[in-house]
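These notes concern the structure reproduced below.
The values are calculated or read from the model by the stated rules, or taken from the named source; none is laboratory data. In this text the structure is predicted, and so the values were computed from the model without any measurement. All Cβ positions, even for glycine, are placed from backbone atoms using ideal geometry, and neighbour counts span all protein chains on display. In case anyone asks, the SASA skips ligands and DNA or RNA and just uses the protein heavy atoms, side chains included. Shrake-Rupley method; radii C 1.70, N 1.55, O 1.52, S 1.80 Å.
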Amino acid sequence: MSNFPVRAIHASDRNWVAAFVKSHWGSEIVVTKGRVIRPAELDGFAVFKGKERLGLLTYRIDGQDCEIVTVDSATKGAGIGTALIDAAKKVARTKGCKRLCLITTNDNLNALGFYQKRGFRLVALYPNALEASRKLKPEISLKAANGIPIRDELELELEPTG
């Protein structure tokens, strides 16, 4: 368990959520599986230390799925992301969801490792999905900072019961 206090985001947080998402994602929108999503309009969790914003997770419930849309931490390796994932697991269980799922891209090796270490499994590959995503969000880079071409979406999931 993490030592970071996690709380649900409130309506009064919407402006900083939009700014936080923009600073981490290059825009106030994210695109996944051909859908434009505005994280500032979603439910989510935040980690604060005093007034300092350390992390954010946004999610949406769709039927029996709880989909994590964004998860970001201002400090890597400190347990903030884990605290946010734990909060998402809890809400998924409370809402009766059968799975907690998310989409990432093929270049995001750190995220793939992070999620798998926390029990997520790869369940789907969407080849060349970023071609369609770039039509909706042209600012998506062709190549990641690590030099890997950004082409595919990968879906991961876990059962929130654990």
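Springs between Cα atoms under 10 Å define the GNM used for the chain, and in it the highest mean-square fluctuation of GLY81, GLY44, GLY96 occurs at GLY96.
Scalar couplings 3J(HN,Hα) for the stretch 83-99, obtained by applying the Karplus form with A = 6.51, B = -1.76, C = 1.60 to θ = phi - 60°, are 4, 5, 4, 4, 5, 5, 4, 5, 5, 4, 4, 4, 7, x, 6, 8, 8 Hz; x denotes Gly and Pro. As a fraction of the 1.4 Å probe accessible area of the stretch 22-135, surface on carbon and sulfur atoms comes out at 47 percent. Scoring 106-112, 82-88 by mean Cβ neighbours within 10 Å over their residues and listing the highest first yields 82-88, 106-112. With pairing defined as another cysteine C-beta under 4.7 Å, the cysteines of the chain that fail it are CYS101.
Looking at the chain, the accessible area is 55 square angstrom per residue; that uses a 1.4 Å probe and ignores ligands, DNA and RNA.
State, as an integer percentage, the relative contact order of the chain based on alpha-carbon contacts under 8 Å between residues 6 or more apart. Spell out each step's value before the answer.
Details: 287 pairs, mean separation 34.1, N = 162.
The normalised contact order for the chain reaches 21 percent.
Within straight-line reach of LYS33, meaning a Cα separation under 30 Å, sit the following lysines at least 8 residues removed in sequence or on another chain: LYS22, LYS76, LYS89, LYS90, LYS95, LYS98, LYS117, LYS135, LYS137, LYS143. Label the stretch 43-149 by shape, choosing from rounded, prolate and oblate, from the square roots a ≥ b ≥ c of the eigenvalues of the Cα gyration tensor; if a/c is under 1.5 it is rounded, and otherwise prolate applies when a/b is larger than b/c, oblate when it is not. Oblate is the answer for the stretch 43-149, as a/c is 1.5 or above yet b/c matches or exceeds a/b. Note on the stretch 89-137 and the stretch 53-84: Cα centroid distance 11 Å, given to the nearest whole angstrom.
Using a Gaussian network model of the chain in which every pair of alpha carbons under 10 angstrom is joined by a spring, one finds that among LYS89, LYS98, LYS143 the greatest mean-square fluctuation is at LYS143.
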